[in-house]
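Novice: Got a structure for you, written out below as structure tokens; questions coming shortly.
Derivation of every value follows stated rules applied to the coordinates shown; laboratory data play no part. The structure presented is a predicted model; accordingly, all values stated were derived computationally and were not measured. No Cβ is skipped: glycine too gets one built from the backbone with ideal geometry, and neighbour counts run over all protein chains shown.
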Amino acid sequence: MKKNILKGGTAVLGLALALTACGAPAKSADAKLSTIKDGVLSVGLSPDFPPMEYLDESSNQLVGVDVDIVTEIGKRTGLKVEYTQQKFDQLINSVRTDRVDIVFSGMSDTVERQKTVDFIDYFKSVGRFYVLGANKAKYTQDTDICGQSVAVSSKTDYYPALQRFSKDKCEGAGKPAVNIVPTDSGAAARLQLDQGRAQAAIQGAENLVYFEKKNPGKYAMVLGNVTELPFGAATKKGNTALQDKVVKAFQDMKADGTLKKILDSHNVGYGLTDPVLNGVK
Ligand code: ARG
């Protein structure tokens, strides 16, 4: 398994901010951070999910909403940031086993995942069906998806959501089931659509906002929301010392407008929300 560490953030403002931000001596606060070693916040992500995290095409740098947020959290907590890039489906295990302290990877908070990690919800996301722009008029009601091939990453919460959709909206209405085409990633699902092997795919709306900007009209979102789950930063269960720091940083970033600015710079200002621990019930 390849571990790419990119250094980011800065510890320059560290001590002063840690003291003022927490209102407690830095030493005792940090002693509770079982997983944070030497003032380093180790962040896991899978950078194949624009605009949340991706590698910039020209510079190959790690960029995106989550990266900007993490940089800001690093500044505000005085922790130095180190990234570990992994496959999306390995991230939860990584945080459980202390390989990383926290996951910022456009990860949906779900009740299922809460069994093994805690989430600090920080962004309102929805999952949407999308099709090639030229075909969008064909999809006006839910049942128009029934019997169609729909590509979806099997590692994401969009997959069980599509299974439920097929059962409820298609089979439940006496229509043919959706032909679910499972893929390894959202990008692979998009390729199925591009190559005509699937008529539709599912992705977070923010991803489609990104592609609309990059390639106007190529794709179109159709029908209603398939999922309505916030993205959360995942920590080990019960790591309250870290959670408190991150929640505080989010609250401050929200209050002073930094969070909105970051989201707007990626055209996803609609996702602004207050940080909540395990908000999905
Ligand atoms: N929101 C979806 C989920 O949590 C997909 C996230 C994929 N993220 C990524 N960085 N590849 O299941």
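Novice: I need a count of the residues in segment 57-93 that are surrounded by 23 or more Cβ atoms within 10 Å (Cβ to Cβ) and either part of a helix (DSSP H, G or I) or at positive phi (or both).
Specialist: The qualifying residues number 11.
Novice: Right, something else. What is the one condition in (1) crowded, with 20+ Cβ neighbours inside 10 Å; (2) more than 24 Å from TYR270 (Cα to Cα) that ASP142 does not satisfy?
Specialist: Result: ASP142 passes all but (1).
Novice: Okay, next question. Within segment 129-177, can you find the residues that are within 16 Å of the ligand (Cβ to nearest atom) and assigned to a helix (DSSP H, G or I)?
Specialist: The initial filter retains those residues of segment 129-177 that are within 16 Å of the ligand (Cβ to nearest atom), namely 129-130, 150-165.
Result: TYR158, TYR159, PRO160, ALA161, LEU162, GLN163, ARG164, PHE165.
Novice: Can you pull out the residues in segment 109-126 that are of a type outside the set (D, E, K, R), within 24 Å of GLN203 (Cβ to Cβ) and surrounded by fewer than 22 Cβ atoms within 10 Å (Cβ to Cβ)? Spell out the reasoning first.
Specialist: Initial filter on segment 109-126 (of a type outside the set (D, E, K, R)): 110-111, 114, 116-117, 119-120, 122-123, 125-126.
Then keep just the ones that are within 24 Å of GLN203 (Cβ to Cβ); that gives 110-111, 114, 117, 119-120, 122-123, 125-126.
Across segment 109-126, the qualifying residues are THR110, VAL111, GLN114, VAL126.
Novice: Moving to a separate point now. Which of the numbered conditions does ASN207 fail, given that it passes all the others? Conditions: (1) in a strand (DSSP E or B); (2) within 14 Å of the ligand (Cβ to nearest atom).
Specialist: (1)
Novice: How many of the residues in segment 182-194 are buried (at least 20 other Cβ atoms within 10 Å of the Cβ) and not in a helix (DSSP H, G or I)?
Specialist: Of the residues in that region, 1 qualify.
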